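The values are calculated or read from the model by the stated rules, or taken from the named source; none is laboratory data. None of these values were measured; they are calculated from a predicted model. Glycine gets a Cβ as well: all are built from the backbone with ideal geometry, and neighbour counts include every protein chain shown. Heads up: the accessible areas ignore ligands, DNA and RNA and are worked out on the full protein's heavy atoms, side chains in. Shrake-Rupley method; radii C 1.70, N 1.55, O 1.52, S 1.80 Å.
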Amino acid sequence: MRRASQTKPAASAQAQKYGFEDDEDAEIEAEEAGNDLRAWEREYENDRSWEAIVEDESGLLRPLDVTAAQRERRRRQLEAPAARVRRGMIRFLYLIVDFSNSAAEVDFKPSRMAVVANVVELFVREFFDQNPLSHLGIIVIRNGLANRLTELSGSPEAHIAALRSNMECSGDASIQNALEAARGSLSVIPSYGHREVLLLCSSLCTVDPGDIMETLEQCKKAKIRCSIIGLSAEVYICRLLCEKTGGLYAVALTEQHLRDLVLDHSPPPPALAETASANLVRMGFPQRQAEMSAAICSCHRELRLGGGYSCPRCKCRVCDLPTECPICNLTLVSSPHLARSYHHLFPVPPFEEVSGIDSTSASANVGGAGGLHAACFACQQPLPVSGSSEGVRLMCTRCKQHFCFDCDFYIHESLHNCPGCECSPLTSSSSSSSVSGNPSGQADDQRQH
């Protein structure tokens, strides 16, 4: 300490001699001022976000410039492959959630566990909306063990209720135990099913009872596609697992980024020719029973009144669709489920952003044949002009109709049909596809694409 005190005046004199003392003092004061701020305060210190919002006519707050935000939301739609690719329409996915001690961290508000639970609930609903013929199960990691909360099924409410009732984090994470639990259930899936694992990992390490490299090779041999989304930092074993099995690996930076990464796994991924073969899948279209009829439910093994569906082959009762008959193992679906799954094979092409339309040309078209360019073809709301901050204007490449951003998002995410093409007799006849179900209640053979 004495030597340090003796060298300090000498260093100060040298800094004063060359004129560096004032600069060093300013840097020290700036660093001390930055240390007094919390992480979220430093993030918004130079971001004057309150200046980027205005009040609209109804008294609500809206962004001052929504064009950039709308273009960012269209990113996933534009990154999708334009050509028709072969996809895994019948998916069997295990969602593995890391509820170890690392999930109690508060870098995500209020905690990682709470944020992950909300994102998982959103993903489960979106998964079954995008994949009506698929099945999903949930596995939770805590205390070095893998607990299978739900088996592979098609009931989103059952998965969400099971997860909400097990909100507790403790112990260490074991990726090997989770993969072994998922592999044991996915290994018996028929060849037409696409086996997937999605892991939401909060830990930076894994405590495994054996060699995880052997488990990795077994997952690769079983053709299980493993994808991981990290909440802390990149881990080598996670990266290696995704590369070996053909999955995706990413690390979430913010809560919104985590949500976008998880929802990117909702649409069915492209199927590889060597891992998926075209097979005939025998399906049954059951009839719904009368509301006041009493029957023994084969899935819950108890007497229930009203509702339910009757298997067309063995006549046993099941509660939800789609599912597999517990008695005869026939895949039970409904005609709307089969029709909804086809929109991935025949997607609506992405709309193009329109530029070069000013307020003069837009107002000149009102009331005439070009009036469709002044208002959205779907909702009939006025469309923004080029260069404004009110949003983007989009056009269908086939029917040449103009749409607002909200209608474009609804068409591509939920409706999966262009209203302009459906109203035009020429485009609708050329782009329509024959998708038919079998409402008679008899088993039918459907080719899985």
Inset, instruction - Being open to solvent by 10 Å² or more (accessible area, probe 1.4 Å) and either closer than 30 Å to Pro349 by Cα or of a type in the set (Lys, Arg) (or both) is the filter here, so list the residues in the stretch 91-118 that pass it. - result: Phe92, Lys109, Arg112
Inset, instruction - Residues that are of a type in the set (Asp, Glu), open to solvent by 30 Å² or more (accessible area, probe 1.4 Å) and at pLDDT below 85: find the helices (runs of 4 or more DSSP H) completely inside the stretch 337-449 holding 3 or more of those. - result: none
Inset, instruction - Give the residues of the stretch 186-239 that are surrounded by 13 or more Cβ atoms within 10 Å (Cβ to Cβ), free of Cβ contacts under 8 Å to residues at least 24 places away in the same chain and not in a helix (DSSP H, G or I), sorted by residue number. - result: none
Inset, instruction - Evaluate the stretch 286-302: report whether one residue or more is closer than 21 Å to Leu136 by Cα and polar (S, T, N, Q). - result: yes
Inset, instruction - Considering every residue within the stretch 323-330, establish whether at least one is at pLDDT 85 or above, aliphatic (A, V, I, L, M) and more than 17 Å from Ser414 (Cβ to Cβ). - result: yes
Inset, instruction - Restricting attention to the stretch 160-183, report how many residues are crowded, with 18+ Cβ neighbours inside 10 Å, within 21 Å of the chain's Cα centre (by Cα) and within 16 Å of Ser111 (Cβ to Cβ). - result: 1
